[in-house]
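What follows is a single structure, written as structure tokens, with notes after it.
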Amino acid sequence: MRLHTSPASPFGRKVMVVLHETGLVAEVERRDASLTPLAPDEAVCAANPLGKIPCLELDDGTALYDSRVICEYLDGLHAGARLFPDKGPARFEALRLQALADGILDTAVGLRYETFLRPEAYRWPEWIAAQKQKIARALDRLERECAGFGERIDIGTLAIAVALGYLDFRFAADRWRDGRPALAAWQAQIAERPSLRATLPG
């Protein structure tokens, strides 16, 4: 299998975290792609017509995308405890948290494009402020919920950890920990997990 990704991609990092958690790192060739919305990567586009990473090419030529699909596929390849619960409330709780994390990341990546790629004269301050409010609301919700996470490790909690890591990587000046002591303490604990330490963005 071959994974198209990037060291700076939070969605790619989520897949790499799952590879570490499932013991499948050695089974996947990693190809670091260089791309932006304005400068696509030809190899990525050949596998995924949307031109987005991560994209996992299987040995039979099938390509899987996006990160949610890839992560669940990989979780079905190992014999250990599942990161995606099979059914019931536990499954939908994990999927809900993953959706919240992915929403934070979608918003944050959009902000990155707006503030880094778009010429300054064309940036929209009101839109930027509204996107930051989305992230703040999500973080406030997590501050209220994270006491219930305990030491649970599933796709939901891992995705939240990746999202918080991306905020540290790209938006450290926004100081997401301020006013959120419970979430900050939870993040400090889960960030020591080997899968997350091995996949720090850069």
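Go through the stretch 137-202 and name the GluC sites (Glu not before Pro) that are in a DSSP coil and have 12 or fewer other Cβ atoms within 10 Å of their Cβ.
GLU151, GLU192
Treating only the Cβ of Lys, Arg, Asp and Glu as charged (+1, +1, -1, -1), what charge dipole size does the stretch 69-192 show about its Cα centre? Round to the nearest 20 debye.
Numbers: 17 positive and 18 negative charges, 49 e Å.
Result for the stretch 69-192 is approximately 240 debye, rounded to the nearest 20.
Where the accessible area of the stretch 85-202 is counted over protein heavy atoms with a 1.4 Å probe, how much of it, in %, is carbon and sulfur? Walk me through the intermediate numbers first.
Values: 3600 of 6470 Å².
The nonpolar share, carbon plus sulfur, comes to 56 percent.
For the stretch 145-202, state which chymotrypsin sites (Phe, Trp or Tyr not before Pro) are in a DSSP loop and have at most 16 other beta carbons lying within 10 Å of their beta carbon.
On the way: sites: PHE149, TYR166, PHE169, PHE171, TRP176, TRP186; in loops: PHE149, PHE171, TRP176.
Those that pass, being in a loop and sparsely packed, are PHE171.
Whole number in Å², please: accessible area per residue of the stretch 16-130, 1.4 Å probe, ligands, DNA and RNA not counted.
Here the per-residue accessible area is 58 Å².
Can you give the extra length, in nm with one decimal, that the chain gains between ARG123 and GLN189 once fully stretched, where that is 0.36 nm per residue apart less the Cα-Cα distance?
On the way: separation 66, 0.36 × 66 = 23.76 nm, distance 3.68 nm.
Length gained between ARG123 and GLN189: 20.1 nm.
By the scheme Lys and Arg +1, Asp and Glu -1, what is the net charge of all other residues having a beta-carbon under 11 Å from that of PHE11?
Details: positive: ARG13, LYS14, LYS52, ARG68; negative: ASP66, ASP102, ASP106.
Summing Lys and Arg as +1 and Asp and Glu as -1 gives +1.
With each pseudo-label sitting 7 Å past Cα toward Cβ, what's the ALA81-ARG96 distance in nm, one decimal?
Here the modelled spin labels are 2.1 nm apart.
For ARG31, which sequence-distant residues (separation of 5 or more, or a different chain) have an amide H within less than 5 Å of its own amide H, given hydrogens modelled in the peptide plane?
Placed amide hydrogens put LEU3, HIS4, THR5 under 5 Å from ARG31.
Apply 1/(1 + (r/R0)^6) to the Cβ-Cβ distance of ALA173 and VAL25, taking R0 = 45 Å, and write down the FRET efficiency to the nearest 0.05. Could the numbers behind the result be given before it?
Numbers: r = 33 Å, r/R0 = 0.73.
FRET efficiency, ALA173 to VAL25: 0.85.
Got a sec to turn the phi values of the stretch 89-101 into Karplus ³J(HN,Hα) couplings, 6.51 cos²θ - 1.76 cosθ + 1.60 with θ = phi - 60°, whole Hz, x for Gly and Pro?
x, 4, 5, 6, 5, 5, 5, 5, 5, 4, 5, 5, 4
State the extension gain, in nm to one decimal, for the chain segment bounded by ASP32 and ASP60, taking 0.36 nm per residue of separation less the distance between their alpha-carbons. If you can, show how the numbers build up before the last one.
Values: separation 28, 0.36 × 28 = 10.08 nm, distance 2.08 nm.
So the chain would gain 8.0 nm between ASP32 and ASP60.
The values are calculated or read from the model by the stated rules, or taken from the named source; none is laboratory data. Predicted model, so just to flag it, every value in this text is computed and none were measured. Cβ: placed from backbone, ideal geometry, glycine included. Neighbour counts: every protein chain shown. Keep in mind that these areas ignore ligands, DNA and RNA; they rest on the heavy atoms of the full protein, side chains included. Shrake-Rupley method; radii C 1.70, N 1.55, O 1.52, S 1.80 Å.
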